[in-house]
Structure formats: C-alpha cells, structure tokens
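This report concerns only the one structure given below.
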Amino acid sequence: MTKKYTAIIDVDTLIIHSALAVQQSSVIVRHKDTGWTREFPNQTEFFGHYLKKDGGWLADLNSKKAEKGLECVSPDAFEIISKIEIIPAVGDVTPEVVVKGRFKNKIEFIANQPWCKDFKICFGQGKNFRYDIAETVPYKNERPEKPLLYDVVKDYMLWKYKEHLISADGVETDDIVAERLWDGWMRAKRQHDNLDVVGVFIDKDLAQFPCLQFNFDKPELGLIKIEALDAAKNLGAQFLMGDTIDTIPGLPTLTPELFKKYGLRKTKGLGEKTARGVVEGSSTPKEVFERVVEAYREYYGEDKLPFENYKGEKSERNWLDHMNEMYRLLRMRTDITKDVGHVSEFLNKLGVNYVRS
C-alpha cells in the first residue's frame, strides 16, 4: 500500500506558469540612428547569447557584410524593446478562463498523485525583511515583471482554494513552506520513513532542508529524498555561488590557493559547478560549512575593511560580516515569526570552530 502524505505546495511558480499560458512575448529591435525596426521572438534570435552578442540574425547579417567588404554592425547600435501581448480569446474561451483552468489542472495533478492524501497551498504576500537587510546589491532587483494575468490567477486561487491556503503577509512563500517542512521533519524525529508531509517545489532555496520533495516539473522522478548532508551541501553551495534570480551575490570568487586545493579550473566568477566542487567531498554538514568558512575567510580576510553598500552607506566588514549578510538572505526560516539570527549562531550549532586563536 502506498504511504499517504500531505503535500506542502510552493505555489508561486504554479501561479506564474499558469498566467504565462496566454502571454506571448517578443522583442522589437530598433536601429538607433535610422529608426529601422524588426520584431524577433526573443533577443537570442536577434544577437545570440545576451553576454557574447555574437550570434543570431545579427551574426548572419555581419557575415554577409564581411563577404562584401562592408563594415559590421555593432549590437550596441540597436535598442531592444520588450513586447508582451495576451493571446486573443478563441470563441467563448477567454484568456482569463484559460489561465484559471491551467492553474486548476496543476493543483489537481498534485492532489491526484497516489501518495497525496491532502494538500496545503503556501502563499506569502507583501515585502519581506530581506529587502531591508540586503546591502551588497538590492534584493530581487533584476526579477522580470509578473505576467499580465498574474492577479487573475492569484485571486482565483485565493477564492477557489481558501480552505487549503496557508498565507501570511510580509513573508516569502518559501519561508512558509520551509516552516511546514521543518515542522514535519521534527514530528518525524529526523527520519524520512516517519514523514507525513511532502514538499512540492522546484525552487532550490527549499532544498536546503532534509525532506521528501516532489518536483512538479519532473514528476517522473517521484518522491525525492533529500538527506541532511545533501541539504547542507545545497545551502553551502548557495553561500558560495549566491542566487542570480534573487540577486544575492554570494562569494565573488575563490582564491587561487582554493582553486588548486579542490582541483577546480580557475574561472572569473564562482558558478554552480565551482561551488559544488568545493562542498561535494564533505562527509558531514559541519565539514560543508568549514569549507564555506574557509572560502569566505581566505577571500575577505580577518581584518575589518571599509565597505560601502549600494545605498552609499559606509561601514567596515570582515569575512564574517559578508558571510552573515549572505546567510540572512539565503537561509529560509523554520519559524516565520522569528529572524534567522546571526550566521555565528548557525555555525556554533554545527560545531564549526570559526574563530582563529
């Protein structure tokens, strides 16, 4: 007999995916000097990778110009304007009906899994504390605009599933999910076999806790067991690489000595492959964060040095101060009424000796 669980659903992505079902995006490319314009499905079609800008339609154009001995056109000569439209209704089926139906189907897909006996939809609203404590760069300042019919789906969810809803103001959805998953882990006495909840999410922020996960984008994987060591490695890797979606910078890079120590190819920044390379060989959560501490200490140093935040405010920081900012931004709360505290408290609980005598 299949064991039954309560699904704890991170609903943010489901709302966005549903609202995007009727949204069509493209870009208008305009030549700044001549006013010439052309529409492309996306900027990649126009000039390739957004950093290299050496592919796509523009690369084909410049190839033809080079063959004729003509000067190539720089991507900087163009202005790119986003264009977002709602796909028109087909008969009586309005875009609003489509997005509501899409959301309902997604929830029913989860509720109808053989392991699911009940479900809770977690939804946080409003600005949370992370916007105020971010100092290196503004929190979530590069996120795209919400889909045009986001509020239509949100309001439908609040009405249709109010009996299944766990909501809070001034709290991130991920924090609400984390609190419920942690409560379940405590009830289970830290044993997966005793769990009565499953985290339904794709967001890597929630993989920092031991739990059972159901990834609704990859249902073929079934229930995924995240062990305590895996969770620690996931969080440790985030400390190093940051989170580009939420504009959390992490550690800028490793020192040359640490690239050599962990047998990693030296790179300009610190991406996921490098971050994983640092923490992967750890055998305990304590060792994971001993390695993270080492990386921060070696990069920033022990001495307090001048630091200016993105608001122009000046202070002094050492490695622990930088690491504490990343901790408070990245660590999900297991109690939404409380602050996560200082990173030193977290390290002490793990038994990490981070103070040099």
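Before moving on, here are some points about what is shown:
- The residues of the stretch 180-189 that are buried (at least 17 other Cβ atoms within 10 Å of the Cβ) and closer than 12 Å to K120 by Cβ, listed by number, are R180, L181, G184.
- Checklist (1) part of a loop (DSSP other than H, G, I, E, B); (2) at pLDDT 95 or above; (3) surrounded by fewer than 20 Cβ atoms within 10 Å (Cβ to Cβ) applied to Y354, failing item: (2)
- Residue within the stretch 250-259 that is hydroxyl-bearing (S, T, Y) and outside the structural domain of N141 (by TED's automatic domain parsing) present: yes
- When the residues of the stretch 152-179 are filtered to those that are more than 23 Å from the chain's Cα centre (by Cα), of a type outside the set (D, E, K, R) and part of a helix (DSSP H, G or I), the one that is surrounded by the fewest Cβ atoms within 10 Å (Cβ to Cβ) is W159.
- Neighbours by Cβ (under 9 Å, 6+ apart or cross-chain): first from the stretch 103-123, of a type in the set (G, A, S); second outside any helix (DSSP H, G or I): A111/A7; A111/D118; A111/F119
- Residue tally, condition among the hydrophobic types (A, V, I, L, M, F, W, C) and either touching a helix residue (DSSP H, G or I) at 6+ places or on another chain (Cβ under 9 Å) or within 13 Å of S74 (Cα to Cα) (or both), over the stretch 31-52: 3
- Qualifying residue in the stretch 126-147 (condition: at pLDDT below 95, of a type in the set (S, T, Y) and either surrounded by fewer than 15 Cβ atoms within 10 Å (Cβ to Cβ) or more than 16 Å from the chain's Cα centre (by Cα) (or both)): yes
- The residues on offer are R143, R102, and the sole one that is of a type in the set (K, R), in a helix (DSSP H, G or I) and assigned by TED's automatic domain parsing to the domain that holds R180 is R102.
- Being small (G, A, S), surrounded by 13 or more Cβ atoms within 10 Å (Cβ to Cβ) and over 30 Å from K120 (Cβ atoms) holds for only one residue in G55, G35, G91, and it is G55.
- The set of residues in the stretch 306-327 being touching an Asp or Glu at 6+ places or on another chain (Cβ under 8 Å) and of a type in the set (F, W, Y) consists of F307, Y310, W319.
- Screening the stretch 80-125 for residues that are farther than 30 Å from Q213 by Cβ and among the polar types (S, T, N, Q) and picking the one that is modelled with the highest pLDDT gives T94.
The values are calculated or read from the model by the stated rules, or taken from the named source; none is laboratory data. What you are looking at is a predicted structure, and each value in this text was computed from that prediction instead of being measured. All Cβ positions, even for glycine, are placed from backbone atoms using ideal geometry, and neighbour counts span all protein chains on display.
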